[in-house]
Protein chains: 2
Amino acid sequence: MNIDSQILKALRNAGEASVSGVELSQKLGLTRAAIWARVSDLRSLGYEIEAQPHSGYRLVSAPDLLHADDLLSQLPRSQKIGRDIRVFQETTSTSDIVEKLARDGVDEGVVVFAEAQTKGRGRLGRKWVSPAGKGLWFSILLRPRIRLQEATQLTIASCVALRRAIQAETELPATIKWPNDILVRGKKVAGILTELRAELDRVAYAMVGIGVDVNLNANDFSTELKKTATSLKLESAGPVPRAQLAVRVLSELDADYARVRDGEFERVADEWEKHCATIGLEVTIRMADRQVRGRAESLAEDGSLLVRTEHGHLESVIGGDVTVEK
Amino acid sequence: MNIDSQILKALRNAGEASVSGVELSQKLGLTRAAIWARVSDLRSLGYEIEAQPHSGYRLVSAPDLLHADDLLSQLPRSQKIGRDIRVFQETTSTSDIVEKLARDGVDEGVVVFAEAQTKGRGRLGRKWVSPAGKGLWFSILLRPRIRLQEATQLTIASCVALRRAIQAETELPATIKWPNDILVRGKKVAGILTELRAELDRVAYAMVGIGVDVNLNANDFSTELKKTATSLKLESAGPVPRAQLAVRVLSELDADYARVRDGEFERVADEWEKHCATIGLEVTIRMADRQVRGRAESLAEDGSLLVRTEHGHLESVIGGDVTVEK
């Protein structure tokens, strides 16, 4: 953890109390003047830090920006997802950056955020609108030791974690739409795109790309998109703090990725089924080469959806566009 | 098709007969002097081309090198695999080049050969020895419209095609070892590595990397490798013409890839089972996270191997290291 992370962590741990310059300077092995310089820099980023000659420093408020050091300071060190966080002002797609890192051999768990994406992507090459400063647009590098058929588990686990984080931070009723969306009151607020590089018998790496429509306004959505998508702000009383949500999302993702790694996918699947808006409904699922119509019954062990067709047999579907039949 | 391809094609089509300079010059829309210059260039590459003032040009022999134009001239234009051929003297791995092309949006069917690979790779990151001029080391870019679970079909189809081509060109008794090797008399002569980039519900692209130990000598193999691997030359009376084998392999690969695309994988699977050295044997298959022991029974529709375990149930295995139990 670097200096800024450590300062912010110390200030946050103190809560309403102040932390003396002497204490910080001893803890971090820096002169009091150096601490003062770092605090000034943080202030210029928008952190409101009160400084009193006798009592020391106190964090009054943090800006709603994504600051890697600050996000890091709020995550436990033991955490795999988010052990390394990088924030870009603008990228094509955060998954492009993660892929470069993956090819360079970087360890799993690195998270890349962008304030804006110029080529954010959804499933099947669809565009994902990612305006500056209004959402959480990020990607995670994973190197899971799973078989190719189990890769859906990564999307399922990410859905479960993302839903839990959104509901906890906003108190909105969030549900899951199979295979990769989070809904609030029937409209999409977040999506997950899992891309991977694999041989047939091992996944070399996976990039889990996540987009959360946090503080988008109604006019950020096209007329077409407005019918099916919304933002957390539009569904809440007001704007939702992005940095706080980001920390929560990373924590929850880490917890569910640990469950997948530890062979506890069944627990993830149970939680998924409990919160899934798709289970129990009559659906049509359109895939590249075919479509399946029937009742969404449950989740299979590999993360695919089990659909009872009109002919009565159970089909396992790994992905596709779901339409609910009324 | 470029000029060199067209000249070589015309000479090959004429067989033992000669093709007049006038005829070539009219056909290709070039001066006779220009044709002469191209022929001189081909000669400098090692093509033995006889030139008689009155009868014209005749191809006496072709060198055993991989010349993209020459390979192209021997493939039907309708062919998808090999519609674009690139030959490198040396690369890290031909799949690295193909991946760059894939990322640049190049159409499927491009084939990259290298005379030597410095970082040829086998399954699970293992090294593939690829000495200069002694083998066929190449990779193919495919963009199949298949689901992730069906990706094994690409390896299976490639195995079937490669086995057929090797047997046809060398008359050696070639068999298939599941999931990705070709054997002659129980020893490996060729291997296939399928790598892919995918979302959960579509394969963005696949790179099928193929290595054939054509003219390697006994001292090209390490003592360890010698126990399990051999070359076509070592198993035959003498060296095997690489270029001719390459053309045959590409033709057969194209035929089987067409079967996969046309939904005729079942026919591929039938041929596979007929020539598979693994079916019917007691095997142990070691995977990253587990192992399966039992009798290899057949190939499933998705290309996985169905193994009847000692407990009597059928397990589907997508990849792994196979050991035959005596």
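Throughout, read-outs are computed from the coordinates displayed, never taken from laboratory work. Because the structure is a prediction, the values reported are computed rather than measured. As a convention, Cβ positions derive from the backbone with ideal geometry for all residues, glycine included, and neighbour counts pool all protein chains shown.
Report, to the nearest 10°, how far helix A:265-275 tilts away from the longest principal axis of the Cα atoms in chain A, using its own Cα long axis and a range of 0 to 90°.
On a 0 to 90 degree scale, this one is about 80.
Given Cβ point charges of +1 (Lys, Arg) and -1 (Asp, Glu) and nothing else, what value in debye, to the nearest 20, does the dipole of segment B:41-183 about its Cα centre take?
Dipole size: approximately 740 debye.
With the crude spin-label approximation of a point 7 Å out along Cα→Cβ, what separation in nm comes out for A:E266 versus B:A33?
My value for the distance between the label points is 8.4 nm.
Please find, in a Gaussian network model of chain A (springs between Cα atoms separated by less than 10 Å), the residue of A:A132, A:A246, A:A237 whose mean-square fluctuation is greatest.
Maximum among the listed residues: A:A237.
Going by the alpha-carbon gyration tensor, a ≥ b ≥ c the square roots of its eigenvalues, is segment A:197-298 rounded (a/c under 1.5) or, if a/c is not under 1.5, prolate (a/b greater than b/c) versus oblate?
Oblate shape, in that a/c is at least 1.5 and b/c is the bigger or equal ratio.
Under a cut-off of 22 Å between alpha-carbon atoms, report the lysines in cross-link reach of A:K9, not counting same-chain residues fewer than 8 places apart.
Within the straight-line limit of under 22 Å, A:K9 reaches these lysines: A:K27, A:K80.
Work out from phi, with θ = phi - 60° and the Karplus expression 6.51 cos²θ - 1.76 cosθ + 1.60, the ³J(HN,Hα) of each residue of segment B:191-204, listed in order in whole Hz, and give x for Gly and Pro.
Karplus-based 3J(HN,Hα) across segment B:191-204 equals x, 10, 10, 9, 10, 8, 10, 8, 9, 5, 10, 7, 8, 6 Hz.
Pairs of alpha-carbon atoms within less than 8 angstrom and 6+ residues apart define the contacts here; what relative contact order does chain B have, in percent?
Over chain B, the number comes to 13 percent.
Run the label-point distances for A:S316 please: 7 Å along Cα to Cβ, every other copy, nanometres, shortest first.
0.5
Taking beta carbons within 10 Å but only from partner chains, what does the mean come to for residues B:287-294?
2
Report relative contact order for segment B:186-305 in percent, whole number only (criteria: Cα-Cα under 8 Å, sequence separation at least 6).
Computed over segment B:186-305, the figure is 15 percent.
With the contact rule set at Cα under 8 Å and sequence spacing of 6 or more, what percent relative contact order holds for segment B:1-135?
Averaging sequence separation for qualifying contacts and normalising by length gives 20 percent for segment B:1-135.
Output needed: percent of Cα pairs per 5 Å distance bin for segment B:172-243, bins running from 0 to the one holding the longest distance.
Here the calculated profile for segment B:172-243 is 4, 15, 21, 21, 15, 8, 7, 6, 3, 0.
Over segment B:238-301, with a single point scatterer placed on each C-alpha, what log10 of the ratio I(q)/I(0) does the Debye formula yield at q = 0.24, 0.30 1/Å?
-0.97, -1.17
Considering every pair of different Cα atoms, what Kirkwood radius, in Å, is found for segment A:120-264?
Value: 15.5 Å, from the Cα pair sum.
Out of segment B:149-206, which GluC sites (Glu not before Pro) are coil in DSSP terms and have no more than 11 other C-beta atoms within 10 Å?
B:E171
If I build a Gaussian network model for chain B, linking alpha-carbon pairs within less than 10 angstrom, which residue out of B:V22, B:V212, B:V203 has the largest mean-square fluctuation?
Its mean-square fluctuation being the largest, the pick is B:V22.
Let me know the mean shielding of B:145-154 by other chains, meaning the per-residue number of their Cβ atoms within 10 Å of its Cβ.
4
Quick one: with label points 7 Å out along Cα→Cβ, list the inter-copy distances for A:R261 in nm, shortest first?
Here A:R261 shows inter-copy label distances of 4.2 nm.
At what distance in angstrom do the alpha carbon centres of segment B:1-73 and segment A:223-237 lie from each other?
Here the two parts' Cα centres lie 67 Å apart.
Nearest 10 degrees, 0 to 90: what angle lies between the long axis of helix A:152-170 and the longest principal axis of chain A (Cα atoms)?
50 degrees
Cα extents of segment B:1-58 along the three principal axes, largest first, in whole Å?
So the three principal-axis extents are 24, 24, 19 Å.
Going by amide H atoms built from the backbone, whose H comes under 5 Å of the H on B:S298, apart from near neighbours?
HN-HN under 5 Å from B:S298: B:L306.
When DSSP assigns beta bridges and you keep just the ones with both residues in segment B:15-158, what percent turn out antiparallel, to the nearest 5?
The antiparallel fraction comes to roughly 60 percent.
With only alpha-carbon atoms counted, please give the Rg and Dmax of segment A:216-272, in Å.
16.1, 44
Assuming a ≥ b ≥ c are the square roots of the Cα gyration tensor eigenvalues, decide whether the protein assembly as shown counts as rounded (a/c under 1.5), prolate (otherwise, with a/b larger than b/c) or oblate.
prolate
Near the amide H of B:A229, under 5 Å away, which other amide H atoms are found, from residues 5 or more places off or on another chain, if H is placed in the peptide plane?
B:K188
Provide a whole-number value for the mean count of partner chain Cβ atoms within 10 Å of the Cβ atoms in peptide A:187-200.
Per residue, the average neighbour count from other chains is 5.
Name the lysines eligible as straight-distance cross-link partners of A:K226: C-alpha to C-alpha under 25 Å, and not fewer than 8 places from it in the same chain.
Cα-Cα hits under 25 Å: A:K119, A:K127, A:K134, A:K177, A:K187, A:K188, A:K326.
With charges only on Cβ, +1 for K and R and -1 for D and E, what is the dipole size of chain B about its Cα centre, in debye, rounded to 20?
So the dipole magnitude of chain B works out to roughly 400 debye.
Return the sequence-ordered ³J(HN,Hα) values of segment B:39-49 in whole Hz as given by the Karplus equation 6.51 cos²θ - 1.76 cosθ + 1.60 applied to θ = phi - 60°, using x for Gly and Pro.
4, 4, 4, 4, 4, 5, 7, x, 6, 8, 10
Check A:A204: other-chain or 5+ apart residues with amide H under 5 Å from its amide H, H built from backbone geometry?
So A:A204 has HN proximity to A:R197, A:A198, A:E199.
What nm distances, shortest first, do you get from the label point of A:S222 to those in the other copies when the point sits 7 angstrom along Cα to Cβ?
Here the equivalent label points are 5.5 nm apart from this one.
For segment B:65-120, taking Cα atoms only, what is the radius of gyration to one decimal and the Dmax to the nearest whole Å?
11.5, 33
For chain B, what log10 I(q)/I(0) values come out of the Debye formula at q = 0.10, 0.15 1/Å, with one point per alpha carbon and no solvent?
After summing over all Cα pairs, the log10 values are -0.61, -1.23.
What FRET efficiency comes out for the pair A:L281/B:A204, r = Cβ-Cβ distance, R0 = 41 Å, nearest 0.05?
It comes to 0.85.
What list of ³J(HN,Hα) values in whole Hz, one per residue of segment B:280-285 in order, does the Karplus curve 6.51 cos²θ - 1.76 cosθ + 1.60 (θ = phi - 60°) give from phi, with Gly and Pro shown as x?
Karplus-based 3J(HN,Hα) across segment B:280-285 equals x, 9, 7, 10, 10, 10 Hz.
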